[in-house]
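Undergrad: The following block contains the structure, expressed as structure tokens.
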Amino acid sequence: MKDNKAIINSTIAGILAITGLSTGSAHAVPDQPKAWEKCAGIAKTGMNDCGSLDGKHACAGQATVDNADTEWVYVPQGTCTKITGGVVAKVKPAKK
């Protein structure tokens with residue numbers, strides 16, 4: 001009888017621990033961004049999101065060097081200035 005009680009207590013403790021972990025980690029994921037920023041100066045070669053700010057090209061994926069001031073990628077609003085070299089070029093509302 002004592003063994004059964006120990007097993008039950010152990011099982012309940014395990015369930016509570018798992019429940020606590022799963023609810024705690026759910027809060028670590030941020031909500032969808034309410035707005036996006038064009039973040040210039042952080043795009044890698046060939047990884048820009050659209051045309052350059054200086055008009056040299058009009059398509060995504062055409063950045064020729066890393067971290068060019070005229071190349072950009074979208075990041076959630078409030079993120080760009082946290083990235084070394086990031087400069088906010090424009091803010092765009094997120095799609096609903």
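The values are calculated or read from the model by the stated rules, or taken from the named source; none is laboratory data. Computed from a prediction, not measured in an experiment: that's the story for all the values here. Please note: Cβ atoms are built from the backbone with ideal geometry, for glycine as well, and neighbour counts cover all protein chains shown.
Undergrad: Do we have any residue at all in the range 21-38 that's basic (Lys, Arg), modelled with pLDDT of 95 or more and in contact with a strand residue (DSSP E or B) (Cβ under 8 Å, 6 or more places away or on another chain)?
TA: The answer is yes; a qualifying residue exists.
Undergrad: In the range 63-78, which residue that is in contact with an Asp or Glu (Cβ under 7 Å, 6 or more places away or on another chain) and part of a loop (DSSP other than H, G, I, E, B) is nearest to Ser52 (Cα to Cα)?
TA: Among them, the one singled out is Thr70.
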